[in-house]
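Chemist: Mind looking over this structure? Questions follow.
Where a number appears in this text, it was derived from the coordinates with a stated rule and is not lab data. Values in this document were obtained by computation on a predicted structure and should not be read as measured data. All Cβ positions, even for glycine, are placed from backbone atoms using ideal geometry, and neighbour counts span all protein chains on display.
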Amino acid sequence: MNFKRWGIARCTVQLLMIALLASPLAGLAIFRGNLAAAELLGLPLADPLAFLQALLGGRVFVLSYLLSAMLVVGFYVLLGGRTFCGWVCPVGLITELADRLRKRLGTGTQTLPLTLNRWSLALVLLVVMVTGVPLFELFSPIGIISRAIVFAALVPLLLVAAILLVELLVARRVWCRSLCPLGGFYSLLAAASPLRIGFISERCTHCNDCLKACPVEEVLYPSLELNHPQVAAGDCIRCMACLDTCPTKALKISIGYQPLSRDATDPLKGGR
Amino acid sequence: MELTRRDFLKASAAAAAFAAAGAQALAPRLASAADDKGIKWGKAPCRYCGVGCCVLVGVKDGKIVATKGDPAGPVNKGLNCIKGYFLSKALYGKDRLTHPLIRKGNKMVKASWDEALNLIASKYKEAIARSGPDSVAIYGSGQWTVFEGYTAVKLFKGGIGTNNVEPNARLCMASAVVGFMNTFGSDEPMGCYDDLDLGDTYILWGANMAEAHPVLFSRLIDNKLKNKKVKIIDIATRRTRTTQMADEYIPMVPQGDLAALNAIAHVILRDKLYDESFVKQHVSFKRGTENQPYGLKDKENPKEEPKPLTFDEYKQLMKQFTPEWAEKLSGIPAKKIEHLAQLYTDKSRKVNSLWTMGVNQHVRGVWVNNLIYNLHLLTGKICKPGENPLSLTGQPSACGTAREVGTFAHRLPADMVVMNEAHRKKTAEIWGIDPRKISPKVGLHTMEMFRAIDRGELKCLWIQCTNPFQSIPNLSRYRKAAQARKAFIVVSDIYPTRSTEVADVILPSASWVEKEGVFGNTERRTQHWFKMIEPPGEAKEDTWQLIELAKRLGHGNLFPYSQKNFHKEMWEEYRKFTIGTGKDLAPYETYYKVRGLRWPVKSNGQETRWRYTDADDAYVKKGEGVKFYKAPGNKATIWFRPYEPPAESPNSEYPFWYCTGRLLEHWHTATMTGRVPELKRAMPGATLEMHPEDAARLGIKNRDKVKVSSRRGSVVLIAEINGRGKPEKGNVFTTFFDETKLINDLCIDAFDPLSKEPDFKKCAVKVEKA
Amino acid sequence: MDSDTTNTGISRRLFLKGSILTPLTLALGGAAISAVYLRPTQARGFYLRPPGAIEEPRFLAACVKCGKCAQACPYQSIVMAGGEAGVGIGTPHIIPRETPCYLCPDLPCVKACPSGALDKQLTEVEKVRMGTAVIIDREGCLSIRGLRCEVCYRQCPLIDKAITIENRHNTRTGEHTIMEPVIHKDKCVGCGICEKVCVREKPVIAVQQRVTEQKDFYEF
């Protein structure tokens, strides 16, 4: 069945997120703020990286902010870490759309290593601790897009346009894959997440459709190659595109922590 | 007592010194000379309040391009308040009326002057033919020029034959007028602004001078800065900016003025602090009619039947009004009343009383006026430089037009009345008409005019230069009647207002310097201005509009003035009324150059600063001292006036006193100042002032929306707590300038039985969070 | 040669392509960043922060630019700064001449701030210290010229505390009073209502950065 139910669900959630951001403009009081700090029906939510920047750079501590950040951390630990990137982040939506265009143009095939985003996270935290300048909050395209929606602050969108241009013409999805420190943060959480993609190797026909569908094929490829029962990579955004695409239902949602394999030489041996 | 030579010389010296020293530096610019920017400057009185500041208007290429205070103006010497500073902008709002408009169903359709005037004439003719001349009326204004008022009076009283001519000054100065007439036999103050420079004690009765008479207040405070002896006492129901600069604030329960004034007089009599010889020579005593109605029923017609009293009888009657008695009714401690009596009788003090709307817009406003005069008459502190009761006027020409020209239902020019045959005869002579044309029947006063519309008895009403459908009390009754098209209503104005929106015909008027005009301010200063620019579009002077109606009604012959010298000829005719009456006006051309002259103007062209005294008034011979030559027997009257309660007091359901008033930034209903963006930004909307404890008890915080309701209506306002005005506990206050908030809907249309002036300061309301 | 699209290899064609496009894109991105971030600071000299804002250097980090304070403000006085604010991009500030702070007694902006950039210890409106009003053009002030204005004074929410009137004799006319509005730094909260209502075209009273209280002696 080619009905991309997960794709539709995910797109719906992404659009819902944008609608929530814009809802105060329609006079609704269900949502306040943006992805750095928000209130959904009275429940405070916070971006844990923003919390860290405020704490380390501004030397302010408000308990409710910590708790709301921990709430979000707990939520994403359960749901997979970079699920944020795949389901919630507006930058994810926009770069995804740009990527489709890029595929048609056939350009921008370079990539940068995934692990870079851990380094950009470290850089951000270092800079804010030493200088007090919240580096990520300044340049964050997440914040820029949110503020463009809620406050019509359009000039900073130039930066987002620049990022999209690079992604179109030079290196695909370079922001989300390699540069976004928040992505780096969530990818570290993902290791603890019980929500994973399960792989039933017996059903796999090696058609590689799933690899084509996966936006971050470094996530899927090694696990399939080595017949791991679960995809445990931190950078998996749980987009479920692979699930949707697989003609033989070899991929499924798998909850729980399964050992990866008995192969002692396997560098992806679980628990590393 | 007599004006001491020293006082008079001091006053004259001051005036002369200014004239000499100041005149050099502050030489008045001649109207004809253009300055280096190509701007032609001309003089005019300010369009706004009764202070009557002198301004200079700069015109270039047919437009006003600048205004400034006139340094040669003795009232203000080049200063203004911010309303006056932005004067000219008021004429250039975007929605200025430029064409006549006639109602067709729910729409107002553009029409020509002929169409509009023919329609008005036909409606008036029809009503007069069917129901008589008293079925038509005109409602004008204390902002009318003398010419506009005079034309209205002549047309309606001399032509149509009805006395249904009323000004909006009925709502502001009528109580003062009746107070003047029944005390002194002549309208308007005996003192002038010089009293603010020369006195040392100023007792303000419910007057927020800081905001209502800004430049005058500045002058008063300067006296205080120069002279340590000066004391300003603010007796009020609300703390204001006036209170902030006064020496003493005496809070008073509404209507308490009747009690307090009587108690002060009581003390004066008790301790024999009155000037016995003055009283003997210059005062007679009367008792009026008490227990009069409050005007709450239509068509009430109370009569005053005065009874003469002897001084001893008066003293006997006054025995009951002890300070302790007054304390209960006024909230003013008995000690304070004794203290006020001390001040009034202090022989070393030059005491002045000042009042405006707090006293006049009062169901017993005439009584309060009388009671204030009583104090000055008992002590003889009157008709002396620096020592006078000064009734402050609200509008720029309530004096000059409404009162002096007599645009009231019972009046003729120069203090004459329609009920008096001799007066009608004199009027008819000057007008060249048969005296029988002038009706002896007093016409409908303002509130009765609007009630008559509601009852279907008044068929045609022409409103000029005022906005009653925002400003009269108990507004909804009258708005509903107008909207039900119970009468044919014509409104002449310069902008769309809450009154034009209920009109059948809207006529565009020329404003201020778009026509030649004369105003008269609080201190009897008559000021002239030339036309300086053309009115926009097809707008026309109200005088022209009235004469066009006159022509169509067959009364064009009443206005035989030439085109070229129209205003001058009208003036010279009007002036005849004033000669020999003690209200003498000067020949027209005299007013071209001077910054106004205070009447009576003497035969040598000099103005009169103090009336009724041989020191300055030419009508009083040397050696006569003080002479109230307009009063019967040359004696002013002290009236016995007791305390009577207000029309509506707070109770458990409506626990607050509701008081209304104005503020510095806007003029009245803000049809003009609301179109000056700077003033609109300074003060965009009306607020409800509350006492912080009252607000806290109701859970209301500053800037919360509150709903205030009376038995008649309600309005939602923003609460203002600890702002520029702090009402006493149990009181709330708001202003009437905001056309989106018809606050006067809550007011009760009760009025003084003698003056017919409604009480905008007292009714009962409840307040809740909105 | 094979065009290998693995992570590590780049074909010559792609490299050539990249060597034109990459600099171009970097240049564009750089231009965007400079145009947006490297602009001269605001004419006022400082940003008027919402009530309770901590000192500016810490504020810039503590503020997570979520916009909740702006959404909580019932008058829409709080606006978010754009790129011209440099490091302050996306931070909230108030432009008094457009919409000043009306000092809501319950301080909803402070309550809404999640991170403490608006200090939660602020509970009383009179203790707000956003800035100080200053008369910046005495020659232009109508009150100082002797006219009856004083709108800033009458509209001040802390009338007779933050702004008082000092009277003096008008020596030009000899008969009137100059009623000069005087601001008291220790009471002024910096809400900017005075700046908003000033009737001059360019307000002669404006909110400026707070100055530490004047002491009446010299401390050294």
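Chemist: Using alpha-carbon positions, what is the distance between the centroids of segment B:512-574 and segment B:200-218, in Å?
Modeler: Spelled out, the Cα-based centre of one part sits 33 Å from the other.
Chemist: Still on this model: Relative to the first principal axis of the alpha-carbon coordinates of chain A, what is the inclination of helix A:141-151, with its axis defined by its Cα atoms, in degrees from 0 to 90 and to the nearest 10?
Modeler: Roughly 50 degrees between the two axes.
Chemist: Just want the ordering: B:SER714, A:SER68, B:SER122, B:SER397, from fewest to most Cβ atoms lying within 10 Å of their own Cβ. Please report the intermediate quantities before stating the final value.
Modeler: Numbers: B:SER714 16, A:SER68 22, B:SER122 12, B:SER397 33.
Ascending number of Cβ neighbours within 10 Å: B:SER122, B:SER714, A:SER68, B:SER397.
Chemist: How large is ³J(HN,Hα), in whole Hz, for each residue of segment B:415-431 in order, when computed from phi with the Karplus curve 6.51 cos²θ - 1.76 cosθ + 1.60 and θ = phi - 60°, using x for Gly and Pro?
Modeler: 6, 7, 10, 5, 6, 9, 5, 4, 5, 4, 5, 4, 4, 4, 4, 5, 7
Chemist: Here's something else I'd like to know. Long-range amide H contacts for B:GLY52: which residues qualify at under 5 Å (H placed 1.01 Å from N, peptide plane, sequence gap of 5 or more or a different chain)?
Modeler: The answer is none.
Chemist: Using DSSP to define loop residues, name the trypsin sites (Lys or Arg not before Pro) in segment B:432-520 whose beta-carbon has at most 16 other beta-carbon atoms within 10 Å. Mind showing how you got there, number by number?
Modeler: Details: sites: B:ARG436, B:LYS437, B:LYS441, B:ARG451, B:ARG455, B:LYS459, B:ARG477, B:ARG479, B:LYS480, B:ARG485, B:LYS486, B:ARG498, B:LYS515; in loops: B:LYS441, B:ARG455, B:LYS459, B:ARG485, B:LYS486, B:ARG498, B:LYS515.
Those that pass, being in a loop and sparsely packed, are B:LYS441, B:ARG455, B:ARG485.
Chemist: Using the Cβ atoms and a cut-off under 14 Å, what net charge is assigned to the surroundings of B:SER122, where Lys and Arg are +1 and Asp and Glu are -1? It would help to have the intermediate numbers written out before the result.
Modeler: Values: positive: B:LYS123, B:LYS125, B:ARG130, B:LYS459, B:LYS551, B:ARG552; negative: B:ASP114, B:GLU115, B:GLU126, B:ASP504, B:GLU548.
Combined, the nearby Lys, Arg, Asp and Glu give +1.
Chemist: Let me ask something else about it. Do any trypsin sites (Lys or Arg not before Pro) in segment A:123-214 lie in a DSSP loop with no more than 13 other beta carbon atoms within 10 Å, and if so, which? All intermediate terms of the calculation are to be shown ahead of the outcome.
Modeler: Details: sites: A:ARG147, A:ARG172, A:ARG173, A:ARG177, A:ARG196, A:ARG203, A:LYS212; in loops: A:ARG172, A:ARG173.
Hits after loop and neighbour filter: nothing returned.
Chemist: How many nm is it between the label spots at A:VAL13 and B:MET419, if each spot is 7 Å from the Cα in line with the beta carbon?
Modeler: In this crude label model, A:VAL13 to B:MET419 measures out at 9.0 nm.
Chemist: Test of understanding: what is the full-extension gain from B:LEU317 to B:ARG455, defined as 0.36 nm times their sequence separation minus their Cα-Cα distance? Display every interim value, and only then the final one.
Modeler: Details: separation 138, 0.36 × 138 = 49.68 nm, distance 4.22 nm.
Using 0.36 nm per residue and subtracting the Cα-Cα distance, I get 45.5 nm.
Chemist: Could you check the simple spin-label distance between B:LEU698 and C:TYR75, using points 7 Å along Cα→Cβ, in nm with one decimal?
Modeler: Computed distance between label sites B:LEU698 and C:TYR75 equals 2.1 nm.
Chemist: Follow-up question, since we're still on this one. Quote the relative contact order of chain B in percent (integer), defining contacts as alpha-carbon pairs under 8 Å separated by 6+ residues. Each step should come with its number before you reach the end.
Modeler: Values: 1798 pairs, mean separation 152.6, N = 770.
Averaging sequence separation for qualifying contacts and normalising by length gives 20 percent for chain B.
Chemist: Can I ask one more? Amide H of A:PHE31: which non-local residues (sequence gap of 5 or more, or other chain) have their own amide H closer than 5 Å, using H built in the peptide plane?
Modeler: When sequence neighbours closer than 5 places are left aside, the close amide H contacts are A:LEU41.
Chemist: Something else: If you plug each phi of segment B:44-53 into the Karplus form 6.51 cos²θ - 1.76 cosθ + 1.60 with θ = phi - 60°, what whole-Hz ³J(HN,Hα) values come out, in order, with x for Gly and Pro?
Modeler: 7, x, 4, 6, 9, 5, x, 5, x, 4
Chemist: Provide the gained length on full extension for the span A:ALA161 to A:LEU97, in nm with one decimal, where the gain is 0.36 nm per separating residue minus the Cα-Cα distance. Let's see the in-between values first.
Modeler: Working: separation 64, 0.36 × 64 = 23.04 nm, distance 1.30 nm.
Difference between extended and current length: 21.7 nm.
Chemist: Take B:SER652 and B:GLU572, extend 7 Å from each Cα along the Cα→Cβ direction, and tell me the distance between the two endpoints in nm.
Modeler: Taking the simple label geometry, B:SER652 and B:GLU572 are separated by 7.2 nm.
Chemist: Residues with amide H under 5 Å of C:ARG129's amide H, sequence separation 5 or more or different chain, H placed in the peptide plane at 1.01 Å from N; which?
Modeler: HN-HN under 5 Å from C:ARG129: C:GLY52.
Chemist: Please report B:LYS336, B:LYS347 as a ranked list, fewest other C-beta atoms within 10 angstrom at the top and most at the bottom. Mind showing how you got there, number by number?
Modeler: Working: B:LYS336 22, B:LYS347 9.
In increasing order of surrounding Cβ atoms, one gets B:LYS347, B:LYS336.
Chemist: Rounded to the nearest 0.05, what FRET efficiency is calculated for A:LYS252 and B:VAL65 with R0 set to 60 Å and r the Cβ-Cβ distance? Please report the intermediate quantities before stating the final value.
Modeler: Details: r = 82 Å, r/R0 = 1.37.
Computed FRET efficiency for A:LYS252 and B:VAL65 comes out at 0.15.
Chemist: With +1 on each Lys and Arg Cβ and -1 on each Asp and Glu Cβ, and nothing else charged, work out how big the dipole of the protein assembly as shown is about its Cα centre, in Debye to the nearest 20. Don't skip to the answer; put the middle values down first.
Modeler: Numbers: 168 positive and 126 negative charges, 228 e Å.
That gives a dipole near 1100 debye.
Chemist: Using Stokes-Einstein with the Kirkwood hydrodynamic radius over Cα pairs, what translational diffusion coefficient do you get for the protein assembly as shown at 37 °C and a viscosity of 0.692 mPa s, in µm²/s rounded to a whole number?
Modeler: Numbers: Rh = 35.3 Å.
Here the translational diffusion coefficient equals 93 µm²/s.
Chemist: Using the count of nearby Cβ atoms within 10 Å as a rough guide to exposure, how do B:ASP542, B:ASP614 rank from fewest to most?
Modeler: On the way: B:ASP542 26, B:ASP614 19.
So the ranking, lowest neighbour count to highest, is B:ASP614, B:ASP542.
Chemist: So what J values fall out for segment B:175-190 if you push phi through Karplus, 6.51 cos²θ - 1.76 cosθ + 1.60 with θ = phi - 60°, rounded to Hz, Gly and Pro as x?
Modeler: For segment B:175-190, the Karplus-derived couplings read 4, 5, 4, 5, x, 4, 5, 7, 9, 10, x, 8, 6, 5, x, 8 Hz, x marking Gly and Pro.
Chemist: Tell me, what is the percent relative contact order of chain A, built from C-alpha pairs under 8 Å that lie six or more residues apart? Please report the intermediate quantities before stating the final value.
Modeler: Values: 426 pairs, mean separation 62.4, N = 272.
For chain A, the relative contact order is 23 percent.
Chemist: Given the pairs B:LYS157/B:LYS459; B:LYS583/B:LYS627; B:LYS459/B:LYS480; B:LYS40/B:LYS602, which are separated by over 25 angstrom at their Cα positions? Write down the numbers at each step before the final one.
Modeler: Working: B:LYS157/B:LYS459 17 Å; B:LYS583/B:LYS627 15 Å; B:LYS459/B:LYS480 15 Å; B:LYS40/B:LYS602 32 Å.
Over 25 Å apart, Cα to Cα: B:LYS40/B:LYS602.
Chemist: Once every DSSP H run of n ≥ 4 in the protein assembly as shown is given -39500 (n - 2.57) and the sum is divided by its residues, what mean residue ellipticity at 222 nm do you get, rounded to the nearest 500 deg cm²/dmol?
Modeler: Numbers: 43 runs with 413 residues, N = 1262.
Here the helix-only value at 222 nm equals -9500 deg cm²/dmol.
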